[in-house]
Amino acid sequence: MNFAAKFFGRLLILFPAALLLFFVFHFSEPLFFADDFHLLKTIVWMQDADNFFQKLGLLVQQHNEHRILFPRLITWLDYRLEGHIDWPVLMLFGNVLWCGVLYFLWDAFRTLKLGIGYFIPVPWLLFQPAYYDNYTWSISVLQQSVIVFLLAWLVHAFVNRRFVLAVVIFLIGTFTHGNGIFGIAVGVVFLFLYRDWRWLWIWVTVCGTTAVFYFYGFEKGQNADFLQSLAHPAQLMGYFFAFFGATAELFGVRPWVSVLWGVIVFVGICGFGFPKIYRHYRSNVPLNYFNEMLLGNLLFLGITALLVAVSRSWSSPDLDIPARYAHYSPYLTAWFYLAGLALLTRWPERQPVVRCWVVASGVAAVVLNGLSYLNYFSDLEYRRDWLRADGENWNNYGTFMQYSPSFNHNIQSVYAQAVARGICRPTERRPIILANRTFVDSSIVLTFQEIATSTQDASGKHTEKMLRVHDDSYLGETPLLLLIANDRPPLWVPVYRGRNGYRKMLVEHTLRKPELFAELLTDNLPAGLFKLGYRAGDSLVLTKYRLEVDNDHTVKVL
């Protein structure tokens with residue numbers, strides 16, 4: 001292959017990763033999101049801790065089912081280096097590590113001795129925003145995405161017989177994300193395959209000691225309910241396979257398609273790899289490098305899927321996989337594609353079939369990547385605009401409009417300290433300017449609907465009152481909704497605006513729908529009379545509508 005072809009091939013491989021990192025930084029904001037608070041409060045409390053052991057206790061304290069020592073250490077290190085917590089940098093760092101999984105896939109692929117073009121479908125499949133939570137949610141990317149990099153590295157260390165390194169990676173992974181502790185099984189299986197009994201005892205001793213420390217004082221997470229999940233075995237199994245097949249969710253199809261794709265991927269890889277393990281023990285036929293890498297990753301991901309299904313499937317009868325888990329499916333699908341290559345390239349006479357496999361997979365990966373950006377850029381925009389808006393709401397009212405009053409109450413004191421000490425700097429980047437010009441447009445028609453939204457965890461169901469503001473004829477760039485009182489700063493609320501259907505986009509050449517909506521948690525609204533308006537670009541457009549909020553948070557539309 002000539003230089004130009006190799007260069008173009010590398011460009012096609014690296015471009016999806018570069019695009020992902022660009023989107024991560026573009027849609028990030030210098031404000032924490034949701035459970036990121038558990039990272040920043042550790043920094044605040046560590047400053048007030050009296051000694052080393054108190055600080056260590058803060059670093060290893062349980063968060064849901066996880067002891068997130070290393071995400072907290074990374075946050076602390078960023079704070080020490082920059083003088084404040086730089087959330088966009090944390091997101092970028094976590095996503096750079098996630099992109100590092102490409103190396104391990106490439107390392108296995110090159111043992112097949114195929115041209116670089118055969119690898120091109122892999123990054124296009126992997127790097128897309130279906131898992132948008134792991135773009136702009138620091139605590140999620142530093143756990144959910146980074147653990148995949150660590151597990152791939154763990155398998156790589158075992159396959160290369162670097163057992164001391166494997167121990168180090170296991171310890172880092174265990175205290176990065178809860179499923180990292182299941183690296184125990186990876187080590188046991190590999191050392192059993194290698195018949196290295198000395199290292200097997202060392203591994204079991206180290207891992208067992210770590211597990212005792214990890215589970216000492218452990219409490220069940222608020223979202224986990226094993227008994228409810230086990231009480232619905234069909235739903236549990238469906239969730240297990242949907243976890244592997246969540247890539248199909250991109251097409252907006254029924255849940256059974258995700259389950260079917262998960263079955264195909266899981267059974268396909270097992271059918272490719274398990275006979276080799278059988279022959280290894282039956283006839284001592286050695287496993288090659290590719291097979292060991294493939295099977296090690298399948299083992300870890302299989303345990304992860306089972307754990308998530310047992311702990312979470314009870315809450316998802318529709319088998320919907322949350323965005324923070326959606327990266328596991330394309331990762332395993334990438335291994336499925338490589339397993340297909342490894343199988344088909346054994347027979348030279350099947351070269352036409354190999355080319356069809358590569359071309360079909362490449363086209364599917366590129367289409368999937370493009371659809372993912374089309375389908376999820378609205379979610380990224382909405383998350384970013386909420387963070388921008390709530391940065392202003394905190395400065396003006398000491399509250400975040402997107403979170404429940406109980407959450408605001410719990411974080412208020414600590415976050416106020418974090419801002420006062422400069423640990424967080426929420427207005428450092430892209431401050432919102434109210435408007436350079438203002439005018440009234442009485443033709444804007446809004447509709448209002450009072451709704452109750454429910455969230456559920458293992459402790460029960462929680463209901464919150466919301467006011468939905470809807471506009472079905474908006475033209476122009478996506479605005480922010482403002483609630484303006486005469487004697488106070490405005491309240492800022494983002495609007496969600498989806499894309500048009502594929503056919504309408506092609507026929508009318510318009511990407512965005514003319515309809516948009518905003519949702520207000522009414523219990524967060526201060527009492528008063530508010531004008532409603534849109535801030536788009538440098539203009540403020542006032543509508544004819546007013547909201548009157550009573551002291552008991554009852555809202556009347558005028």
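Centre-to-centre, using Cα atoms only, the range 279-331 and the range 183-206 are separated by 19 Å. Around the Cα centre of the chain, unit charges on the Cβ atoms of Lys, Arg, Asp and Glu (plus for the first two, minus for the last two) sum to a dipole of about 1980 debye. Note on the range 497-552: Kirkwood hydrodynamic radius from all Cα pairs is 14.3 Å, rounded to one decimal.
Magnitude of the charge dipole for the range 66-129, about its Cα centre and with charges confined to Cβ atoms of Lys, Arg (+1) and Asp, Glu (-1), is about 240 debye. Summarising the strand pairing of the chain, around 90 percent of its internal DSSP beta bridges are antiparallel. With coordinates expressed along the principal axes, the C-alpha atoms belonging to the range 47-100 extend over 37, 29, 15 Å, beginning with the largest.
Each residue of the range 185-195 is assigned a 3J(HN,Hα), and the resulting list reads 5, 4, x, 4, 5, 5, 5, 5, 4, 7, 6 Hz, derived from the Karplus form 6.51 cos²θ - 1.76 cosθ + 1.60 (θ = phi - 60°), x at Gly and Pro. For the range 141-198, the extents of the C-alpha atoms along the principal axes are 36, 17, 14 Å, listed from largest to smallest. Charge dipole (Cα centre; +1 on Lys/Arg Cβ, -1 on Asp/Glu Cβ; no other charges) of the range 115-238 amounts to roughly 440 debye. Amide H to amide H, with H built 1.01 Å from N, residue 546 comes under 5 Å of 558, counting only residues 5 or more places away or on other chains. Farthest towards the positive end of the charge dipole of the chain, among the residues 13, 443, 34, is the Cα of 13, using unit charges on the Cβ of Lys, Arg, Asp and Glu.
Distant-in-sequence amide contacts of residue 438, defined by a placed amide H-H separation under 5 Å and a gap of 5 or more residues or a different chain, comprise 540. Database remark: amide H of residue 177 closer than 5 angstrom to no amide H (H placed geometrically; neighbours at sequence offset of 5 or more, or on other chains; Pro and chain starts carry no H). Distance between the C-alpha centres of the range 489-558 and the range 12-42: 26 Å, rounded to the whole angstrom. Taking the C-alpha atoms only, the angle from helix 233-245 to the longest principal axis of the chain is near 90 degrees.
Applying the Kirkwood pairwise sum to the alpha-carbon positions of the range 345-428 produces a hydrodynamic radius of 17.1 angstrom. If you fit an axis through the alpha-carbon atoms of helix 197-215 and take the longest principal axis of the Cα set of the chain, what angle between them do you get, 0 to 90°, nearest 10? Once rounded, one gets 20 degrees. Using θ = phi - 60° in the Karplus curve 6.51 cos²θ - 1.76 cosθ + 1.60, the 3J(HN,Hα) couplings for the range 53-69 round to 5, 5, 5, 4, x, 5, 5, 9, 4, 6, 10, 6, 9, 10, 10, 9, 4 Hz; x is entered for Gly and Pro.
Karplus-derived 3J(HN,Hα) values for the range 293-308, using 6.51 cos²θ - 1.76 cosθ + 1.60 with θ = phi - 60°, are 4, 4, 5, x, 5, 4, 4, 5, 5, x, 5, 4, 4, 5, 4, 5 Hz; glycine and proline are entered as x. Sparse packing (at most 14 other Cβ atoms within 10 Å of the Cβ) combined with a DSSP loop state is found for none of the trypsin sites (Lys or Arg not before Pro) in the range 443-548.
Here the scattering of the range 23-71 is modelled by Debye summation over its C-alpha atoms, one equal scatterer each and no solvent; at q = 0.24, 0.31 Å⁻¹ the log10 of I(q)/I(0) is -0.91, -1.18. Of all the Cα-Cα pairs you can form in the range 200-342, what percent are over 23 Å apart? In whole percent, the long-distance tail amounts to 47.
Take the chain and mark each of the chymotrypsin sites (Phe, Trp or Tyr not before Pro) that is in a DSSP loop with at most 14 other Cβ atoms within 10 Å; the longest unmarked stretch, sites excluded, is 219-558. Across the options 335, 274, 317, the greatest Cα extent toward the positive end of the charge dipole of the range 267-346 (unit charges at beta carbon of Lys, Arg, Asp, Glu) belongs to 274.
Averaging 1/r across all pairs of distinct Cα atoms in the range 74-118 and inverting the result yields a Kirkwood radius of 12.7 Å.
Can you list the trypsin sites (Lys or Arg not before Pro) in the range 103-168 that are in a DSSP coil and have 15 or fewer other beta carbons within 10 angstrom?
When the trypsin sites (Lys or Arg not before Pro) of the range 103-168 are filtered for loop state and at most 15 Cβ neighbours within 10 Å, 113, 161, 162 remain.
What is the log10 of I(q)/I(0) for the chain, computed with the Debye formula using one identical point scatterer on each Cα and no solvent, at q = 0.13 Å⁻¹? Each listed q maps to, in turn, -1.46. Computed over the range 353-399, the P(r) tail beyond 13 angstrom holds 68 percent of alpha carbon pairs.
Report summary: the helix-based calculation at 222 nm, which adds -39500 (n - 2.57) for every DSSP H run with n ≥ 4 and divides by the residues of the chain, gives -18000 deg cm²/dmol. The P(r) of the range 1-127 has a tail past 26 Å containing 42 percent of all C-alpha pairs.
Here the ratio of the Cα radius of gyration of the range 148-248 to 2.2 N^0.38 Å is 1.26.
Note on the range 278-375: Cα convex hull, mean projected area over all directions, 9.0 nm².
Every number here is computed from the coordinates shown, using simple stated rules; none is lab data. A quick note: this is a predicted structure, and the numbers were derived from the prediction, not measured. Please note: Cβ atoms are built from the backbone with ideal geometry, for glycine as well, and neighbour counts cover all protein chains shown.
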